[in-house]
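The values are calculated or read from the model by the stated rules, or taken from the named source; none is laboratory data. If you're wondering where the values come from, they're calculated on a predicted model, not measured in any experiment. Because the Cβ atoms are built from the backbone with ideal geometry, glycine has one as well, and the counts that use them run over all protein chains shown.
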Amino acid sequence: MKLKKWELSLLAVALAAAFFTAGYFSGRGRAGSVNVTVSQSTEPPAAGSVEARIDLNAASRWELMSLPGVGETIADRIIAYRTEHGGFEAVEELMEVRGIGESLFEAVKDYLTV
């Protein structure tokens with residue numbers, strides 16, 4: 001059975017809520033207060049702000065799918081390339097992944113680090 005994009009989005013939100021709730025009630029959420037900052041900016045992280053970027057060598061499928069223009073297939077190809085080649089040595093190496101051309105690379109490069 002193939003799910004539609006909106007169904008996948010709804011499933012992802014439901015799973016995230018379930019994991020958050022499970023973590024909170026298992027005791028992790030009661031240890032103290034947690035400050036969370038949510039940014040709704042569509043701008044890439046500031047230059048030099050490595051902490052806010054996605055590490056190509058450690059990113060999950062879901063993190064990669066949060067990048068503009070990256071869906072399930074491209075995220076899976078990035079992970080497969082990373083596994084087969086022992087990781088990325090530079091962000092520019094992402095262009096070696098099938099399906100990532102110059103325009104997609106330009107759209108995501110400022111969000112990435114290695």
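Would you check which residues across region 65-92 are closer than 17 Å to Ser103 by Cβ and either free of Cβ contacts under 8 Å to residues at least 40 places away in the same chain or in contact with a Lys or Arg (Cβ under 6 Å, 6 or more places away or on another chain) (or both) and list them? Break it down stepwise before answering.
The initial filter retains those residues of region 65-92 that are closer than 17 Å to Ser103 by Cβ, namely 67-71, 73-74, 77-78, 91-92.
Result: Gly69, Val70, Gly71, Thr73, Ile74, Arg77, Ile78, Val91, Glu92.
Going residue by residue through region 76-89, is there one that turns out to be assigned to a loop (DSSP other than H, G, I, E, B), touching a helix residue (DSSP H, G or I) at 6+ places or on another chain (Cβ under 6 Å) and either modelled with pLDDT under 90 or surrounded by fewer than 15 Cβ atoms within 10 Å (Cβ to Cβ) (or both)?
So far as region 76-89 goes, no, none of its residues is assigned to a loop (DSSP other than H, G, I, E, B), touching a helix residue (DSSP H, G or I) at 6+ places or on another chain (Cβ under 6 Å) and either modelled with pLDDT under 90 or surrounded by fewer than 15 Cβ atoms within 10 Å (Cβ to Cβ) (or both).
Pull up region 46-75, narrow it to residues that are over 13 Å from Val114 (Cβ atoms) and of a type in the set (S, T, N, Q), then point me to the one that is modelled with the highest pLDDT.
Going residue by residue through region 46-75, those that are over 13 Å from Val114 (Cβ atoms) are 46-49, 51-52, 60-75.
From what is left, the residues that are of a type in the set (S, T, N, Q) are 49, 60, 66, 73.
Values: Ser49: 39, Ser60: 91, Ser66: 90, Thr73: 94.
If we take residues in region 46-75 being over 13 Å from Val114 (Cβ atoms) and of a type in the set (S, T, N, Q), then Thr73 is modelled with the highest pLDDT.
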